[in-house]
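A short worksheet on the structure shown next.
The values are calculated or read from the model by the stated rules, or taken from the named source; none is laboratory data. The shown structure was predicted, so the numbers you read here are calculated from the model rather than taken from an experiment. As a convention, Cβ positions derive from the backbone with ideal geometry for all residues, glycine included, and neighbour counts pool all protein chains shown.
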Amino acid sequence: MSVPRARIAPSPTGPLHIGTARTALFNYLFARHEGGTFILRLEDTDQARGSLAYEKDILDGLHWLGLDWDEGPEVAGEAARGPFAPYRQMLRLPLYEEASERLLAADLAYRCYCTPEELEADRKAQEAAHLPPRYVGRCAALTPEERAAREADGRRGALRFRVGTGVVAFDDIVRGRVEIDVSNLGGDFVIVRSDGSPLYHFVVVVDDAAMQISHVIRGEDHLSNTPKHILLFRALGYQVPEFAHLPLILNPDRTKMSKRKSQTAVSDYIAEGFVREALVNYLALLGWATGTEEEVLSIDDIVEKFELTAVHKGGAVFDRERLEWLNGQWIRRLEPDDLIDRLRPFVEADLAAGRIDWMPTDEEIRALLPVVSERLPTLGAIGDLVGFLWVHELRYEPALLVPKRWDAATTREALVGARARIAEAGAVAFEAEELEPVLRSLAEARGWKVGDLFMAIRVAVTGRTATPPLFDTLVALGHDRAVERLDGAIEALETLAPA
RNA sequence: GCCCCCAUCGUCUAGAGGCCUAGGACGCCACCCUUUCAAGGUGGAGAUCAGGGGUUCGAAUCCCCUUGGGGGUACCA
């Protein structure tokens, strides 16, 4: 058997969708596992809805995911790659033209001059009669004279493909045998608009054939359209490829995942700080499983184990909680240098947004990694976690300083004591191992619960009740700033408990 | 409406006739660890395998019906 060729054919009518990313991933996994070729083709024939910005978002997203294509369109100044260029449909118009001429000449397709109004009226009538909507065939058997008359009226005519009669059957790799009677296709369908631009069902077939795609792997939403494609492949004399229809990714209510009900843009997940490893890992496990109990898998692990025949038939609800768990797993697996590189843009974003006052150095971030990595559900959580380290002034309610078992006077007394010990420790060595026994002994001497004392200090130096371990936090802050913040807290307590 | 597809814990799934009194993971609940929050560890609740008929010595696994859900029905992709 020749080398398998799979493709992802996104349409730039919106930002990269999670569903498209998943389909791309499965095509990539299949191609890599089989030693085949992974192709990217831009389906940009919908000029009304498409845009270059979306195109860039899609390409960037696929690159970010690590789904590099062997053949694909020119991008960012780089030339198209592959023997079947161009890889964007608006550049392939002559091919569709040639194919449609062929169908027309063989009377496998015909010109249709129906107006939108006429078609709309047909549809309404059918609806009223409780009949399935279908093209009535008004132009299916026009005489040359009738055609000439309509052309003379200035009508250009769309091109309709004759679907004929019979049953189209195919063996879908994930669904098994599928049979659909042609009579359910809605009648002869348009393959070229009256303005001359070709439609999806047509171009997808012409291109898949031209690019010698051997496996069409796409979402289940295309299952019902597949007979149209098969009919076209046959009419054009092309070999029909293998099909594999993937289960859909669902909203929590089990409808097809949509922007309306879920976060569908890959760029939004990137912006939140999900890492590619986690998203790839998560997406691969939606509708497919290794058959083992392993859950945390690298893309290479997945490529090795992936089998299209093991893909599910039923749809899968997108579960963000599970994605977050995997994200944490992967964040903890990243090498320090790598993690720092990935964290930096998020810290920069916090700076730009005014959430912090200055940019920490890489070394400062590196020092934080041991206590921070296990507390990051996403990279974007970094500012929320330790942003207090990089601000000039803390803002919090003084009442927050008082542990629940204490009153303001006790808290003030404790902070004064802690301030003295910490200031003193700084003269020797400002390290977690030095600080802890000193403060523990303070609590012990006064009969305070260490948790209460530590909490008061925690709030005083961070402004919050949930933070990384206190002593690591103090060290990160540095002696001078720690003392300064303790002084600030003691002062803030004046309003609650005058000295 | 019509056509097509699907159906195991709340969610993602293991399961391809006996290994299943249905396993794992997320989430949830306890406990342990512990200065908070996490992470980690241990344990627990949670699915009569949508329901009903068959086939079989034996069915989550095969067949049929019902129900439920989804997708498709454009001069969108």
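Observations on the structure shown:
- Enumeration of residues in region A:4-19 that are within 9 Å of RNA strand B (Cβ to nearest atom) and either under 15 Å from the mean Cα position of the chain (by Cα) or farther than 17 Å from A:F243 by Cα (or both): A:P10, A:S11, A:P12, A:T13
- Candidate set: region A:449-470, residues that are without any contact (Cβ under 8 Å) to a residue 60 or more places away in the chain and part of a loop (DSSP other than H, G, I, E, B); chosen: the one farthest from the chain's Cα centre (by Cα): A:K449
- Qualifying residues in region A:401-436 (those that are touching a helix residue (DSSP H, G or I) at 6+ places or on another chain (Cβ under 7 Å), crowded, with 17+ Cβ neighbours inside 10 Å and over 21 Å from A:R464 (Cβ atoms)) - the one modelled with the highest pLDDT: A:G417
- Residue list for region A:14-63, restricted to those being among the basic types (K, R) and in contact (Cβ under 8 Å) with a residue 40 or more places away in the chain: A:R22, A:R32, A:R41
- Contact map, region A:368-389: first residue without any contact (Cβ under 8 Å) to a residue 24 or more places away in the chain, second residue part of a loop (DSSP other than H, G, I, E, B) and of a type outside the set (A, V, I, L, M, F, W, C), Cβ cut-off under 7 Å, separation 6 or more or different chains; the map is empty.
- Considering region A:307-335, the residues that are among the aromatic types (F, W, Y) and in a helix (DSSP H, G or I) include one that is farthest from RNA strand B (Cβ to nearest atom), namely A:W330.
- Within region A:1-17, if we keep just the residues that are surrounded by fewer than 22 Cβ atoms within 10 Å (Cβ to Cβ) and among the hydrophobic types (A, V, I, L, M, F, W, C), the residue that is modelled with the lowest pLDDT turns out to be A:M1.
- Qualifying residue in region A:299-306 (condition: within 9 Å of RNA strand B (Cβ to nearest atom) and surrounded by fewer than 18 Cβ atoms within 10 Å (Cβ to Cβ)): no
- Filter pass, A:R322 being modelled with pLDDT of 95 or more and basic (K, R): yes
- Residues satisfying the stated conditions in region A:106-133, i.e. near RNA strand B (Cβ under 8 Å from one of its atoms), in a loop (DSSP other than H, G, I, E, B) and under 20 Å from A:E151 (Cβ atoms): A:Y113, A:C114, A:T115
Yes or no, residue by residue, for (1) among the polar types (S, T, N, Q); (2) in contact with a helix residue (DSSP H, G or I) (Cβ under 8 Å, 6 or more places away or on another chain):
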{"residue": "A:L52", "(1), (2)": "no, no"}
{"residue": "A:E74", "(1), (2)": "no, no"}
{"residue": "A:Y96", "(1), (2)": "no, yes"}
{"residue": "A:A109", "(1), (2)": "no, yes"}
{"residue": "A:T115", "(1), (2)": "yes, no"}
{"residue": "A:E120", "(1), (2)": "no, no"}
{"residue": "A:L131", "(1), (2)": "no, no"}
{"residue": "A:E146", "(1), (2)": "no, no"}
{"residue": "A:R160", "(1), (2)": "no, no"}
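- Region A:368-397 - residue that is among the hydrophobic types (A, V, I, L, M, F, W, C), part of a helix (DSSP H, G or I) and more than 10 Å from RNA strand B (Cβ to nearest atom) and, of those, surrounded by the fewest Cβ atoms within 10 Å (Cβ to Cβ): A:L369
- Options A:A429, A:A409; residue that is farther than 30 Å from A:E277 by Cα, without any contact (Cβ under 8 Å) to a residue 24 or more places away in the chain, of a type in the set (G, A, S) and away from RNA strand B (no atom under 16 Å from the Cβ): A:A429
- The residues of region A:75-105 that are more than 15 Å from RNA strand B (Cβ to nearest atom), more than 13 Å from A:V206 (Cα to Cα) and without any contact (Cβ under 8 Å) to a residue 24 or more places away in the chain, listed by number, are A:V75, A:A76, A:G77, A:E78, A:A79, A:A80, A:R81, A:P83, A:A85, A:P86, A:A105.
- Positions within region A:238-293 being assigned to a strand (DSSP E or B) and either closer than 30 Å to A:A99 by Cβ or near RNA strand B (Cβ under 8 Å from one of its atoms) (or both), in sequence order: A:E242, A:F243, A:A244, A:H245, A:L246, A:L250, A:K256
- Within region A:335-346, residues that are under 11 Å from A:G380 (Cβ atoms) have Cβ atoms under 6 Å from residues that are of a type in the set (G, A, S) in these pairs: A:F346/A:G273; A:F346/A:G380, counting only partners at least 6 apart in sequence or on another chain.
- Strands (runs of 3 or more DSSP E) contained in region A:135-203 and holding at least 3 residues under 30 Å from A:F26 (Cβ atoms), within 8 Å of RNA strand B (Cβ to nearest atom) and free of Cβ contacts under 8 Å to residues at least 24 places away in the same chain: A:176-181
- Taking region A:282-310 as the range and being aliphatic (A, V, I, L, M) and within 20 Å of the chain's Cα centre (by Cα) as the test, the residues that pass are A:L283, A:A284, A:L285, A:L286, A:A289, A:V296, A:L297, A:I299, A:I302, A:V303.
- Residue tally, condition closer than 29 Å to A:E34 by Cβ and under 18 Å from the mean Cα position of the chain (by Cα), over region A:330-349: 1
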